[in-house]
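Some notes on the structure that comes next.
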Amino acid sequence: MLKPFSDKVASLAPSAIREILKFTADPEVISFAAGNPAPEAFPVEIISRLSAEILEKEPVNALQYSVTEGYMPLRRWLEEDLRSKDMFAEGDMVIVTAGAQQAIETTAKILCNEGDVILCEDPSFIGSLNAFRSYGVKLAGVPTDEDGMLPERLEDILRKNPSAKFIYTIPNFQNPTGNTTSLERRKAILELAKKYSVYILEDNPYGDLRFAGEAVPSYKELDGDGIVLYAGTFSKTLAPGLRVGYLCGGSEIVGKAVVGLQTSTVHTNIWAQMLTHRFVTTVDFGEHLKRLQGIYRAKCKRMLDNLHEFMPECITYSNPEGGLFIWATVPEGYDMNAFCTAAVHKKVAVVPGNAFLADENAVSHSFRLNFSTPTDEQIDRGTEILGECAREFFK
């Protein structure tokens, strides 16, 4: 019998999130399971106008092949923007990728051999975890609390894994927990990365969506040794369908990433890059971000207020200062997966926490809720149904 799959993908399972999203094809299901930006956040009219301008004035440039590194005007804007935030050092390079996901996947491609170790927050973003798994690496999950990875546990794992290549982290409004790594923790983690000679891959898709609290300096800003690679994206601030992200870091490693990209894609969609550049240079991007922050501030408050009203007191929640997610934790001794299944049968979808763990066989007592995608009416009705289900389940 023919064996159709390579060893690298044979063991990969479908994303638990994508599997749950199948239930949302039912129009009666209220989905708190997605991670999409709010539809009302899309600047549709502006994008339509800018796209028409591009196709009228520069159609060949928008429709022809381009360079792998990315549209030069956008790269220059990114360099200046990062430099203004003390995140672009001498010798750095920035390239444009098909969303931050491609920047993350390509980093694993160029740094890791099969059997190498990547350290990540536990829990962490399933899309990145599966990208890493596809290269045959071993994932070592680092326990976290509301302030991020626990440094003492991180050092224990680093000491036991001399083949570790990098630490993957989402420090701002983390997916799935919504938590933000504190400045003290960032400094400690950076020192450990330096001590054990590993890179940090800083994934920051949600950083511009802060709607409460004070901003915390990025790892890239704190880095004085060139060990931080920074993945950014316009997916949450413009539109994910554009697939425009970027990778910034030392020119030697980012230059190698260009070669890695050439084996899978010639270049990121050039029309989308040109559109992104026109947006950030002709529209008041700061005001645009303030509008998004207002949308998510209201949605997050609405969901948290409803959860506190409808859900039993035994369930606790993260209190995000930005981003798209709330992390709910149920008491130990209950089957969280069974609760998520019961909820979707009552037409409300949430994501079970074990989907986000480095060890796919580990047990979680948490689940993720998304507040950005549902309407206000869906948040109200969905949390009420979820509360009814929880009161029946957690007796």
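The values are calculated or read from the model by the stated rules, or taken from the named source; none is laboratory data. These figures come from a predicted structure and were not determined experimentally. So basically every Cβ, Gly included, is an ideal-geometry build from the backbone, and we count neighbours across all protein chains shown. Each accessible area value is taken on the protein alone, full model and side chains, heavy atoms only, with ligands, DNA and RNA left out. Shrake-Rupley method; radii C 1.70, N 1.55, O 1.52, S 1.80 Å.
See the values below:
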item: Dimensionless Rg/Rh of segment 176-267 - Kirkwood Rh, Rg from C-alpha atoms; result: 1.00
item: Across Lys109/Lys299; Lys138/Lys346; Lys138/Lys194; Lys301/Lys346, pairs whose alpha-carbon gap is larger than 31 Å; result: Lys109/Lys299; Lys138/Lys346
item: Contour minus Cα-Cα distance for Ala362 and Val44 (0.36 nm per residue); result: 110.3 nm
item: Filtered GluC sites (Glu not before Pro), segment 53-94: DSSP coil and at most 14 other beta carbons within 10 Å; result: Glu90
item: Lys299, Lys347, Lys194, Lys236, ranked by accessible area, largest first (probe 1.4 Å); result: Lys194, Lys347, Lys236, Lys299
item: Rounded to 5, the percent of DSSP beta bridges in segment 182-274 classed as antiparallel; result: 50
item: Separation between Cα centres of segment 340-354 and segment 147-181, rounded to whole Å; result: 28
item: FRET efficiency estimate (nearest 0.05) - Cβ-Cβ, Glu184 to Ser51, R0 35 angstrom; result: 0.20
item: Spin-label pair Thr341/Phe393, simplified geometry with 7 Å Cα→Cβ offset, distance in nm; result: 1.1
item: Kirkwood-type radius of segment 65-210, with distances r between different C-alpha atoms, in Å; result: 16.2
item: Interatomic Cα distance distribution for the chain, bins of 20 angstrom, percent; result: 27, 58, 15, 0
item: Net length gained if the chain between Asn36 and Lys160 were fully extended (0.36 nm per residue, minus Cα distance); result: 40.9 nm
item: Cα-projected label distance for Glu146 with Glu191, points at 7 Å along beta-carbon direction, nm; result: 2.4
item: Cα convex hull volume per residue for segment 329-373 (Å³); result: 81
item: Calculated log₁₀ intensity ratio I(q)/I(0) where the Debye formula runs over C-alpha points of segment 267-395, q = 0.09, 0.12, 0.18 Å⁻¹; result: -0.35, -0.57, -0.95
item: DSSP beta bridges in the chain [antiparallel fraction, %, rounded to 5]; result: 50
item: Label-point separation, Asp86 to Cys314 (7 Å along Cα→Cβ), nm; result: 4.8
item: Segment 290-359, relative contact order in percent, only Cα pairs under 8 angstrom and at least six apart counted; result: 20
item: Contour excess over end-to-end distance, with Cα ends at Asn61 and Glu287 and 0.36 nm allotted per residue; result: 78.4 nm
item: Computed over the chain: relative contact order in percent, which uses C-alpha pairs under 8 Å that are six or more apart; result: 25
